[in-house]
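Enquirer: Just dropping this structure here.
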Amino acid sequence: MTTTSTLQFASKAPKAPEPAPQPASTSARWRVAEVEALFALPLLDLMFRAQQTHRAHFKAGEVQRSTLLSIKTGGCSEDCGYCSQSARYHTGLERESLMPLDEVLEHARAAKANGSSRFCMGAAWRSPKEKDLAAVIDMVREVKKLGLETCVTLGMLDAEQARRLAEAGLDYYNHNVDTAPERYEEIVTTHTLQERFETIDKVRAAGINVCSGGIIGMGEDQLGRAGLIAQLANLTPPPESVPINKLIPFPGTPLADGSALDPFDFVRTVAVARITMPKSFVRLSAGREQMSDELQALCFMAGANSIFYGERLLTADNADASDDLSLFARLGLVSI
Ligand code: SAM
Ligand code: DTB
Ligand code: SF4
């Protein structure tokens with residue numbers, strides 16, 4: 001080591017990172033401009049802050065694993081522009097009716113045996129009909145008996161439906177806000193963002209944990225990502241679980257062509273979610289199959305502490321479980 005280089009280095013003592021913006025008071029809402037300012041931080045400062053926040057609330061390296069199952073596939077009345085399951089688009093997806101209970105339980109047992117702690121059942125409905133809800137309630141009861149946490153995503157609920165799901169022991173309800181408020185109507189026209197919030201409120205009032213997040217890579221800019229994260233962070237309380245999906249472009253959907261997304265902007269979104277929702281589980285969700293190990297490692301450093309685990313998401317392939325196990329081993333991650 002030469003003295004010159006040491007001296008040069010010492011003369012440029014690292015400056016402490018600029019304090020990043022915080023909401024004005026503890027009860028304050030995050031203003032979109034404050035969240036945008038987080039996005040604008042140099043990546044390494046943002047990552048440092050996200051790690052600090054993460055370590056203040058979670059054990060570093062512990063990652064929760066959820067397994068997804070599509071219990072009713074395709075034929076959905078809604079027109080969500082990203083979705084392979086909307087009946088309005090020709091995506092080549094075969095419709096399937098509601099899966100029988102014994103088949104669901106087979107998948108749930110396999111998920112448990114593979115080390116998942118939560119089993120998430122998804123149905124392509126605008127909202128569940130009475131007969132369907134009764135069947136899903138049986139599924140929730142029986143999956144819970146296996147010792148798994150339960151999550152379902154069934155579309156819009158009324159208060160009574162939420163109460164009955166809670167009574168069956170449902171732990172989480174997934175209902176994403178998906179994008180910034182300004183863009184919602186560009187992506188979906190058959191229901192409103194306000195209706196999404198109403199369902200989230202009913203779920204919360206019934207005592208069920210909320211899982212709500214969004215999709216990155218639908219042509220939004222940094223302001224759009226800030227708008228998405230701000231509305232999630234401003235839920236009181238923020239969702240217990242925040243899935244950050246990367247758009248999987250499906251041929252036949254309006255978003256089939258996708259849009260260019262700088263992978264670092266995906267990492268930034270995870271980091272900003274971590275900082276603004278310090279106690280929430282932030283889940284690295286759809287799109288992981290296309291991500292390199294290095295990109296996923298950056299997402300874990302940015303504060304992601306949950307993944308979907310298992311060969312399938314709902315209709316799309318997920319990252320290989322064996323690749324995930326090897327990645328966990330290489331990164332020293334522990335599943336919880
Ligand atoms: N019908 C229910 C609903 O809309 O809430 C549940 C199923 S829906 C498929 C659940 C979530 O999956 C969506 O809100 C969206 O965030 C995500 N998703 C759907 N298609 C996707 C895609 N092509 N790429 C990334 N995420 C997607
Ligand atoms: C969420 O935010 N992502 C999951 C889960 N919640 C239901 C669904 C991802 C779906 C990806 C596309 C597909 O498999 O059809
Ligand atoms: Fe797809 Fe859910 Fe929208 Fe139906 S409501 S089109 S399943 S995202």
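The values are calculated or read from the model by the stated rules, or taken from the named source; none is laboratory data. Small disclaimer: the values here were computed from a predicted structure and weren't measured. Ideal geometry is used to build each Cβ from the backbone, glycine not excepted, and the neighbour counts take in all protein chains shown. Surface accessibility is based on the protein's heavy atoms, side chains included, excluding ligands, DNA and RNA. Shrake-Rupley method; radii C 1.70, N 1.55, O 1.52, S 1.80 Å.
Enquirer: What pairs can you find where one residue is in segment 325-336 and under 18 Å from Leu298 (Cβ atoms), the other is in a helix (DSSP H, G or I), and their Cβ atoms are less than 8 Å apart, with a gap of 6+ or different chains?
Expert: Every condition considered, the pairs that remain are Leu327/Asp293; Leu327/Gln296; Leu327/Ala297; Arg330/Asp293; Leu331/Ala297; Leu331/Phe300; Leu333/Phe300; Leu333/Leu327.
Matching residues to (1) closer than 24 Å to Ile275 by Cβ; (2) within 15 Å of ligand 3 (Cβ to nearest atom); (3) touching a helix residue (DSSP H, G or I) at 6+ places or on another chain (Cβ under 7 Å):
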residue	(1), (2), (3)
Tyr173	no, yes, yes
Val177	yes, yes, yes
Pro181	yes, no, yes
Thr199	no, yes, no
Cys211	yes, yes, no
Gly217	yes, no, no
Leu223	yes, no, yes
Ala226	yes, no, yes
Pro237	yes, no, no
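Enquirer: Please determine, by comparing only the residues of segment 123-154 that are surrounded by fewer than 19 Cβ atoms within 10 Å (Cβ to Cβ) and within 20 Å of the chain's Cα centre (by Cα), which one is nearest to ligand 3 (Cβ to nearest atom).
Expert: My answer is Arg126.
Enquirer: A further question on this structure: What are the residues in segment 246-276 that are of a type in the set (Lys, Arg) and open to solvent by less than 30 Å² (accessible area, probe 1.4 Å), if any?
Expert: Arg274
Enquirer: Also: Among the residues in segment 184-197, are any in contact with a strand residue (DSSP E or B) (Cβ under 6 Å, 6 or more places away or on another chain), β-branched (Val, Ile, Thr) and not in a loop (DSSP other than H, G, I, E, B)?
Expert: No, that holds for no residue.
Enquirer: Please enumerate the residues belonging to segment 167-185 that are open to solvent by 30 Å² or more (accessible area, probe 1.4 Å) and more than 16 Å from ligand 2 (Cβ to nearest atom).
Expert: Of everything in segment 167-185, those that are open to solvent by 30 Å² or more (accessible area, probe 1.4 Å) and more than 16 Å from ligand 2 (Cβ to nearest atom) turn out to be Glu167, Pro181, Glu182, Arg183, Glu185.
Enquirer: So, one more: Within segment 167-181, can you find the residues that are closer than 16 Å to Ser241 by Cβ and either small (Gly, Ala, Ser) or part of a helix (DSSP H, G or I) (or both)?
Expert: None; the set is empty.
Enquirer: Another question, if that's okay. Residue check: is Ser285 polar (S, T, N, Q), touching a strand residue (DSSP E or B) at 6+ places or on another chain (Cβ under 6 Å) and open to solvent by 40 Å² or more (accessible area, probe 1.4 Å)?
Expert: Answer is no for this residue.
Enquirer: For segment 84-121, how many residues meet the condition of being within 21 Å of Leu255 (Cα to Cα) and either in contact (Cβ under 8 Å) with a residue 12 or more places away in the chain or in contact with a Gly (Cβ under 7 Å, 6 or more places away or on another chain) (or both)?
Expert: Residues flagged as within 21 Å of Leu255 (Cα to Cα) and either in contact (Cβ under 8 Å) with a residue 12 or more places away in the chain or in contact with a Gly (Cβ under 7 Å, 6 or more places away or on another chain) (or both) within segment 84-121 amount to 11.
Enquirer: Only one residue in Thr276, Thr253, Thr315 is in contact (Cβ under 8 Å) with a residue 24 or more places away in the chain, over 29 Å from Lys72 (Cβ atoms) and of a type in the set (Ser, Thr, Tyr). Which one?
Expert: That would be Thr276, the only listed residue that is in contact (Cβ under 8 Å) with a residue 24 or more places away in the chain, over 29 Å from Lys72 (Cβ atoms) and of a type in the set (Ser, Thr, Tyr).
Enquirer: Any residue at all in segment 307-330 that is outside any strand (DSSP E or B), in contact with a Pro (Cβ under 9 Å, 6 or more places away or on another chain) and of a type in the set (Gly, Ala, Ser)?
Expert: no
Enquirer: For segment 90-105, indicate whether the set of residues that are open to solvent by less than 20 Å² (accessible area, probe 1.4 Å), of a type in the set (A, V, I, L, M) and within 14 Å of ligand 2 (Cβ to nearest atom) is non-empty.
Expert: no
Enquirer: Then there is this: Being surrounded by fewer than 24 Cβ atoms within 10 Å (Cβ to Cβ) and away from ligand 1 (no atom under 14 Å from the Cβ) is the filter here, so list the residues in segment 209-230 that pass it.
Expert: Asn209, Asp221, Gln222, Leu223, Gly224, Gly227, Ala230, listed by residue number.
Enquirer: If I filter segment 117-124 for residues that are over 19 Å from Pro243 (Cβ atoms) and not charged (D, E, K, R), do I get at least one hit?
Expert: Checking segment 117-124: not a single residue is over 19 Å from Pro243 (Cβ atoms) and not charged (D, E, K, R).
Enquirer: Against the condition away from ligand 2 (no atom under 15 Å from the Cβ), open to solvent by less than 40 Å² (accessible area, probe 1.4 Å), within 22 Å of Asp178 (Cβ to Cβ) and not polar (S, T, N, Q), how does Trp30 come out, does it pass?
Expert: For Trp30, the condition - away from ligand 2 (no atom under 15 Å from the Cβ), open to solvent by less than 40 Å² (accessible area, probe 1.4 Å), within 22 Å of Asp178 (Cβ to Cβ) and not polar (S, T, N, Q) - is met.
Enquirer: So for segment 188-207 (the condition being touching a Lys or Arg at 6+ places or on another chain (Cβ under 7 Å), of a type outside the set (Ser, Thr, Tyr), over 16 Å from Cys83 (Cα atoms) and open to solvent by less than 10 Å² (accessible area, probe 1.4 Å)), does at least one residue qualify?
Expert: no
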